[in-house]
Amino acid sequence: MAKDRKPEFFAGKDLKIGIIGCGYVGLPLALRFADVGHRVTGFDLDQKKVDTLNAGGSYIQHIPADKIAAHVKGGKFSATADFSRLREVDAVLICVPTPLDERREPDLSYVEQTARSIAPHLQRTQLVVLESTTYPGTTEELVLPILEANGLRCPISTKEELATDFYLAFSPEREDPGNKQFGLAQIPKVVGGVNPASGRAAAGLYAQIVSRVVPVSCTRAAEMVKLLENIFRCVNIALVNELKQLCLRMGLDVWEIIDSAATKPFGFMPFYPGPGLGGHCIPVDPYYLSWKAREYDFATRFIELAGEVNTAMPYNVVEALAGALNERQKSIKGSKVLLLGVAYKKDVDDLRESPSLKLLELLTQRGAVMEYNDPYFPALHKMRHYDFSHMRSVDLTPARLGTYDCVLIATDHTSYDYEAIVAGAKLVVDTRNATRKVRNGHEKVVHC
Ligand SMILES: NC(=O)c1ccc[n+]([C@@H]2O[C@H](COP(=O)([O-])OP(=O)(O)OC[C@H]3O[C@@H](n4cnc5c(N)ncnc54)[C@H](O)[C@@H]3O)[C@@H](O)[C@H]2O)c1
């Protein structure tokens, strides 16, 4: 007989959880549910990932294989590409990508496809939660109608007593890969339901894996919370990126100024400039809101302005590098340049939207002979916008450093020996203030 799950059921033990999309978000989430004793099935279209997981392997640098292997062995975790097995689970959590398309508009095809693969298997009183970052309205306007097409109903309502055939909610993922201070368990989770029963069901489930659940009035509010968080970062990064340009002209050290301002115990939060925006979230998510805002005849000017400033940053770096070479009677064309760090931020093996890729492209176009080093990327592969599949990370020996006309620090990985880099290089262009503690060779360093 079919299960009759009340919202309180999801606060219980020994649940079966299905996670769709075993990537940077889905995999840690799956392991966290397994940690607290639930049985988790990871669903992914990528058969290679499925096989790796079932063999107890990992494909994400900061997720240890032995942790996956222990849960596979203990029967708490397995992966599959067979979506008919969604029938077996109590709750389905969707963690698939939400990128921008070629015209920089929301690409919800992954979410849509996922909803379509759940619909034929959706069971009465199952809980479905969308975690992928998206614009307000996605859960109700896109996911809900696809799921309801199978005949079950989940009415949009604020009425407590309302009956619902299944539960549907949105809860944004706030994972910060590589952050050692705040792991999934320490980060509060915002939850909004299509109706109150859905909200309670999702809140009960997540309360088992995080320190605090923050219920909000509806799925649209929960969707907007995540966008506010990321737009806040995007706009503040643009602000310091712009002030960096001004400080450079004024002969001021923007990092000194930010660090000093950060001593104010209230009302200020430091953001740091860099060679441009990177990562899967901050350069992408704000445009989900700008796109949706158009439906309301509303222009999101802060988002557009921040995008403009941040997009210009790699071009500014190229200009600064050209200027530094020019001082040494050289041009970009024909100069040998070593780019340090292709990851979008330090100490991660993720290069999605990394400004380093734009820098490689721009400098190559202007005739530089480019090489790179990154301990997290021994080789580069073909990506959506770029093809650097011919490039391999070169060794960072002192003798080799001296062969480049310029060493460009794009990502400040902790493992780099900046003293040795400055000592060995002829010229260093530092976009991250990574050389701040270096004692000798300042005359060779150009900050930008
Ligand atoms: N990475 C982060 O730190 C982070 C943080 C917060 C929010 N997010 C958001 O979370 C979502 C997922 O991001 P991610 O970084 O985990 O992406 P990812 O690319 O690392 O992982 C997505 C996974 O989904 C799989 N997939 C794609 N389509 C599928 C389908 N139809 N059915 C089953 N599996 C499918 C892919 O094979 C991949 O394994 C995005 O909306 C992103 O914006 C990411």
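The values are calculated or read from the model by the stated rules, or taken from the named source; none is laboratory data. Because the structure is a prediction, the values reported are computed rather than measured. With ideal geometry, Cβ positions are generated from the backbone for all residues, glycine too; neighbour counts draw on all protein chains shown. Protein only, heavy atoms only, side chains kept; ligands, DNA and RNA dropped before computing areas. Shrake-Rupley method; radii C 1.70, N 1.55, O 1.52, S 1.80 Å.
Per residue, the stretch 4-136 exposes an accessible area of 41 Å² to a 1.4 Å probe, with every protein chain left in place. State whether the stretch 77-120 is rounded, prolate or oblate according to the following rule on the C-alpha gyration tensor (a ≥ b ≥ c being the square roots of its eigenvalues): a/c under 1.5 gives rounded; otherwise a/b larger than b/c gives prolate, and the remaining case gives oblate. Prolate shape, in that a/c is at least 1.5 and a/b is the bigger ratio. When the chain is modelled as a GNM with alpha-carbon springs shorter than 10 Å, which of A262, A312, A202 fluctuates the most? Residue with maximal mean-square fluctuation among A262, A312, A202: A262.
For K333, go through the aspartates and glutamates and keep the ones whose alpha-carbon is under 16 Å away, minus same-chain ones fewer than eight residues off. Within the straight-line limit of under 16 Å, K333 reaches these aspartates and glutamates: E319, E361, E371, D405.
Note on K292: lysines with a C-alpha under 22 Å away, same-chain residues under 8 apart excluded, are K226.
Heavy-atom accessible surface of the stretch 364-448, averaged per residue, reaches 50 Å², computed with a 1.4 Å probe. Applying the criteria of a DSSP loop state and at most 15 other Cβ atoms within 10 Å to the chymotrypsin sites (Phe, Trp or Tyr not before Pro) of the stretch 236-298 yields F266, F268, Y296, F298. From the largest down, the stretch 269-357 spans 54, 28, 28 angstrom on the principal axes of its Cα atoms. Rolling a 1.4 angstrom probe over the chain with all protein chains present gives an accessible area of which 55% lies on carbon and sulfur atoms. Based on the Kirkwood approach, the hydrodynamic radius assigned to the stretch 327-448 is 14.5 Å, with every pair of different Cα atoms included. In loop segments of the stretch 115-195 as defined by DSSP, the trypsin sites (Lys or Arg not before Pro) with at most 16 further C-beta atoms inside 10 Å of their C-beta are R124, R153, K159, K180. Of all segments of the chain bounded by GluC sites (Glu not before Pro) found in a DSSP loop with no more than 13 other C-beta atoms within 10 Å, the longest spans 296-448. Projected label points at L228 and R366, each 7 Å from Cα along the beta carbon direction, are separated by 4.1 nanometres. Among K264, K244, K49, the largest mean-square fluctuation in a Gaussian network model of the chain, built with springs joining Cα atoms closer than 10 Å, belongs to K264. Using alpha carbons only, the radius of gyration of the stretch 1-70 set against its Kirkwood radius gives Rg/Rh = 1.03.
FRET efficiency for the T403 to H381 pair, using the beta carbon distance and R₀ = 22 Å, is estimated at 0.25.
With a/c under 1.5 counting as rounded, go ahead and sort the stretch 40-116 into rounded, prolate or oblate using the C-alpha gyration tensor (a ≥ b ≥ c being the square roots of the eigenvalues; past the cut-off, prolate if a/b is larger than b/c, else oblate). Oblate.
Protein heavy-atom accessible surface, 1.4 Å probe, per residue over the stretch 248-306: 62 Å². For the stretch 119-162, how big is the tail of P(r) above 12 Å, as a whole percent of Cα pairs? Value for the stretch 119-162: 65 percent of Cα pairs lie more than 12 Å apart.
Every Cα-Cα pair in the chain was counted, and those over 28 Å apart are 55% of them.
A 1.4 Å probe, protein heavy atoms only, puts the accessible area of H62 near 70 Å². With the convex hull drawn over the C-alpha atoms of the stretch 173-254, the volume per residue is 101 Å³.
Quick one: in the stretch 209-366, what % of C-alpha pairs are over 28 Å apart? Looking at the stretch 209-366, the distances longer than 28 Å represent 34 percent of pairs. Between the alpha-carbon centres of the stretch 24-41 and the stretch 219-243 there is a gap of 28 Å.
Could you pull out the pairs from K264/K358; K67/K180; K73/K346; K345/K437; K13/K180 whose alpha carbons sit more than 24 Å apart here?
K264/K358; K73/K346; K13/K180
For the stretch 28-169, the convex hull spanned by the alpha carbon atoms encloses 130 Å³ per residue.
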